[in-house]
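Written out below as structure tokens is the structure these notes cover.
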Amino acid sequence: MEKFRKEFPVLRKGIYANTAVYGLLYDSLLEWRQEHDLDFLIDGSDMREQSLKVISNTRTSVGRFFNCKRENVALVSNFSSGLNVLLEGLNSKKKVLLVENDYPSLNWSFENRDFEVSYISMTANLEERIQETISSQKIDVLALSLVQWLDGFAIDLGFLKDLKKQHPNLIIMVDGTQFCGSASFDFDNSGIDVLGASAYKWLLAGYGNGFMLFSDQVKNEFAINNIGFNAADGDFDKKDEIRFAKKFEPGHLSSLIFGSLKFSLDFFERIGMDKITAHNRKLSEKAKAEFQKLGLLSDEVLGRKQHSTIFNIKANEATYQKLIDNDVFCAQRGDGVRLSFHFYNTEAEIDAIVKILKTVK
């Protein structure tokens, strides 16, 4: 991974442990974006066909990267916008199960409508409690983040796949914003019906782009009224033939913004998602072991076999300031400090953070 670290200028300023807030911009992506806008500057409307091709290729790349049928991929500006459009088409009589303190845009989108909502608290045996609740309360929709934004708690993907087999009519909807790009993922074999994600974090694609992935089954559960000329590909005759995913794209999309997403997906594939997955797993195991020694992790995290690369450590304002003063990029979340590591981080950087933490009185 060392050679790829050279792509990220911010890494020369300190230890970047803040991908959960914002994924880094990198040199080759910046070069592509500059070339794109230069072509626009010089060619004007002659660039239209090329722009449409970029959007089409982005859809193909997203589908390939996450193993989702191309026709089931929707390109959206962000997860929150896509989810709100989707929920407008869901029967309000559905019984929904949410996780307490999950990402606000996820929970609020359900709470702001007339669904019958139940909650489950975050515990080390979360999957077991979800299973029990779905069976006892006859839940129609399970909606949660694959990785929790506050502390990096990661749901067991195998559990979701088994859950779908046991409850084939259950609609499983997930927010993948704090997950997608951190590890390999196979959507069509996941048991998940809807995955939405913003791509500016772990996919390093910048603001303004994201996607929704849909299973074939779930499309019959939603009545989407969104429409626009772009959804029909600018064809008057296709007004009544718009496929489900395209209804999330009523207006024109930016080839610069979504081309950035395609560029990052290609970049990740050049590195190899297997290598990124393995590297991030090592970082997770290293960080968990070291923070555990210092007594900085919650019981919920300690009770899990596997964790993400996001950690919320027990830390006060003085600890946070100490990290900032030593050029560690991080964020205050809840009652602690959130540290998040990606493939451009190293185990040596975790050691350096631990060394800083040991100096805090």
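Does M47 satisfy the condition of being assigned to a loop (DSSP other than H, G, I, E, B) and surrounded by 15 or more Cβ atoms within 10 Å (Cβ to Cβ)?
On the way: assigned to a loop (DSSP other than H, G, I, E, B): no; surrounded by 15 or more Cβ atoms within 10 Å (Cβ to Cβ): yes.
Judged against the criteria, M47 is not a match.
Kindly indicate whether I42 is open to solvent by 70 Å² or more (accessible area, probe 1.4 Å) and either under 16 Å from E249 (Cβ atoms) or part of a helix (DSSP H, G or I) (or both).
On the way: open to solvent by 70 Å² or more (accessible area, probe 1.4 Å): yes; either under 16 Å from E249 (Cβ atoms) or part of a helix (DSSP H, G or I) (or both): yes.
The answer is yes for I42.
Identify, by number, the condition in (1) of a type in the set (A, V, I, L, M, F, W, C); (2) crowded, with 17+ Cβ neighbours inside 10 Å; (3) under 22 Å from the mean Cα position of the chain (by Cα) that A278 doesn't meet.
The failed condition is (2).
Please work out if V62 is open to solvent by less than 70 Å² (accessible area, probe 1.4 Å), at pLDDT 95 or above and touching a Gly at 6+ places or on another chain (Cβ under 8 Å).
On the way: open to solvent by less than 70 Å² (accessible area, probe 1.4 Å): yes; at pLDDT 95 or above: yes; touching a Gly at 6+ places or on another chain (Cβ under 8 Å): no.
Criteria not met by V62.
Just to be sure before I move on: is F267 open to solvent by 10 Å² or more (accessible area, probe 1.4 Å) and aromatic (F, W, Y) in the structure I sent?
Numbers: open to solvent by 10 Å² or more (accessible area, probe 1.4 Å): no; aromatic (F, W, Y): yes.
No.
Would you check if there is a residue in region 294-304 being free of Cβ contacts under 8 Å to residues at least 60 places away in the same chain and open to solvent by 20 Å² or more (accessible area, probe 1.4 Å)? Lay out the reasoning, then the answer.
As a first pass, look at region 294-304 and keep what is free of Cβ contacts under 8 Å to residues at least 60 places away in the same chain: 295, 297.
The next check asks that each one be open to solvent by 20 Å² or more (accessible area, probe 1.4 Å); those that pass are 295.
Yes - at least one qualifying residue is present in region 294-304.
Restricting attention to region 149-162, does a residue exist that is touching a Phe, Trp or Tyr at 6+ places or on another chain (Cβ under 8 Å), modelled with pLDDT of 95 or more, within 20 Å of S92 (Cβ to Cβ) and open to solvent by less than 40 Å² (accessible area, probe 1.4 Å)?
No.
Take the residues in region 200-228 that are part of a loop (DSSP other than H, G, I, E, B) and among the polar types (S, T, N, Q); name whichever of them is surrounded by the fewest Cβ atoms within 10 Å (Cβ to Cβ). Can you show your working first?
If we filter region 200-228 for residues that are part of a loop (DSSP other than H, G, I, E, B), which is where we start, we get 200-209, 215-217, 223-228.
Within this subset, residues satisfying the condition of being among the polar types (S, T, N, Q) are 209, 215, 217, 225-226.
Working: N209: 27, S215: 21, Q217: 12, N225: 8, N226: 16.
Filtering first and then ranking leaves N225.
For region 328-356, what are the residues that are touching a residue at least 60 places away in the same chain (Cβ under 8 Å), crowded, with 20+ Cβ neighbours inside 10 Å and touching a helix residue (DSSP H, G or I) at 6+ places or on another chain (Cβ under 8 Å)?
Within region 328-356, V328, F329, C330, L339, F341, H342, F343, Y344, N345, I350, I353 qualify.
What about S80, is it touching an Asp or Glu at 6+ places or on another chain (Cβ under 6 Å), polar (S, T, N, Q) and at negative phi? Quick ask: steps written out before the conclusion?
Numbers: touching an Asp or Glu at 6+ places or on another chain (Cβ under 6 Å): no; polar (S, T, N, Q): yes; at negative phi: yes.
No, not satisfied.
Those residues that are open to solvent by less than 60 Å² (accessible area, probe 1.4 Å), not aliphatic (A, V, I, L, M) and not in a helix (DSSP H, G or I), I need them from region 1-39; list them, please.
Passing the criteria: E7, F8, G14, Y16, N18, T19, G23, Y26.
With the requirement that a residue be surrounded by 14 or more Cβ atoms within 10 Å (Cβ to Cβ) and out of contact with any helix residue (DSSP H, G or I) (no Cβ under 6 Å at 6 or more places or on another chain), what does region 305-320 give you? It would help to see each step written out before you state the result.
Our first condition is that a residue be surrounded by 14 or more Cβ atoms within 10 Å (Cβ to Cβ); within region 305-320, this holds for 307-315, 319-320.
Passing the criteria: S308, I310, N312, K314, A315, T319, Y320.
Restrict the check to region 145-167 and report whether at least one residue is aliphatic (A, V, I, L, M), under 14 Å from L86 (Cβ atoms) and over 13 Å from the mean Cα position of the chain (by Cα). Break it down stepwise before answering.
At the first step, the residues of region 145-167 found to be aliphatic (A, V, I, L, M) are 146-147, 150, 154-155, 157, 160, 163.
With the extra rule that they be under 14 Å from L86 (Cβ atoms), the set shrinks to none.
Looking through region 145-167, none of the residues is aliphatic (A, V, I, L, M), under 14 Å from L86 (Cβ atoms) and over 13 Å from the mean Cα position of the chain (by Cα).
The values are calculated or read from the model by the stated rules, or taken from the named source; none is laboratory data. Please read these numbers as outputs of a predicted model, since none were measured by experiment. In this analysis, Cβ positions are derived from the backbone assuming ideal geometry, glycine residues included, and neighbour counts consider all displayed protein chains. Protein only, heavy atoms only, side chains kept; ligands, DNA and RNA dropped before computing areas. Shrake-Rupley method; radii C 1.70, N 1.55, O 1.52, S 1.80 Å.
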